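Trainee: Structure incoming, see below.
The values are calculated or read from the model by the stated rules, or taken from the named source; none is laboratory data. Quick caveat, the model's predicted, so the values are computed rather than measured. Cβ sites come from the backbone with ideal geometry, for glycine too, and all protein chains shown count toward neighbours.
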Amino acid sequence: MSSKMMTSKIEQLIDEIEDYIDSCKPTLLNSNNIVVNKEEIDELLRELRMTTPEEIKRCQKIISNQEAILEDAKKKATGLINDATAKTSELVNQEAVTQQAYGQAEEIVALATKQAQEIVDAATNEANQVKAAAIQYTDSLLGNVEKIISTSLEINTAKYESLITSLNDCYSIVTANRAELYPAEPIDTSVFDEES
């Protein structure tokens, strides 16, 4: 599966999660909270997890096996040094070329040590680069989800505040209408006129 197809599937799932969040009703006590169906959101998140690109899985595997990679590199380096040491012993045992053998042995051991260090360094660099790429990619995905959730919260907060304003307007109208049903009765002043 190509990276482009995987990305479009992830975007599609994120759109579905965003649509689902938009469709959720806010709680009565707090406009920042919404009522979510656990099974539906779990299913959407499960699908998102299942579409995680193979590159991330490969990176996670390399990160978890970083010690094994370094150990393998050290074994190869040890093998090179052992081969160099064996070659050195073989050259030294030849009497006619004893002096030459020492010189060649030192060169071989130096070269083997250098190659061993290069292998270890390359393995360490590769593991670190893969780990950094995996972290960056995962952070990018989390950033997109964070942005979607933030936008959904802003939209739902605005909708909730609009609803509260409408309810307050209706409440004021109902209160005014009820007050009109029972107006204050006028005082009969003729009683006071007779007494005076």
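Trainee: Among the residues of region 36-60, which ones are at pLDDT below 85 and surrounded by fewer than 11 Cβ atoms within 10 Å (Cβ to Cβ)?
Mentor: R49, M50, E54 - these are the residues of region 36-60 that are at pLDDT below 85 and surrounded by fewer than 11 Cβ atoms within 10 Å (Cβ to Cβ).
Trainee: Could you check T157 against (1) surrounded by 11 or more Cβ atoms within 10 Å (Cβ to Cβ); (2) within 30 Å of R49 (Cβ to Cβ); (3) at pLDDT below 85 and say which number it fails?
Mentor: Unmet for T157, out of (1) surrounded by 11 or more Cβ atoms within 10 Å (Cβ to Cβ); (2) within 30 Å of R49 (Cβ to Cβ); (3) at pLDDT below 85: (3).
Trainee: Another question about this same structure. Where the second residue is surrounded by 12 or more Cβ atoms within 10 Å (Cβ to Cβ) and among the β-branched types (V, I, T) and the first is under 19 Å from N82 (Cα atoms) and touching a residue at least 40 places away in the same chain (Cβ under 8 Å) and lies in region 106-128, which pairs have Cβ atoms under 7 Å and are six or more apart or on separate chains?
Mentor: From residues that are under 19 Å from N82 (Cα atoms) and touching a residue at least 40 places away in the same chain (Cβ under 8 Å), the pairs are A116/I81.
Trainee: Pairs please, first residue from region 85-96 and modelled with pLDDT under 70, second anywhere and small (G, A, S) and surrounded by 14 or more Cβ atoms within 10 Å (Cβ to Cβ), Cβ atoms under 6 Å, 6+ apart in sequence or on different chains.
Mentor: Sorted first by the residue in region 85-96, then by its partner, the pairs are V92/A101.
Trainee: Next up: Looking at (1) in contact with a Pro (Cβ under 9 Å, 6 or more places away or on another chain); (2) within 30 Å of I56 (Cβ to Cβ), can you tell me which one G143 breaks?
Mentor: Condition (1) is where G143 drops out.
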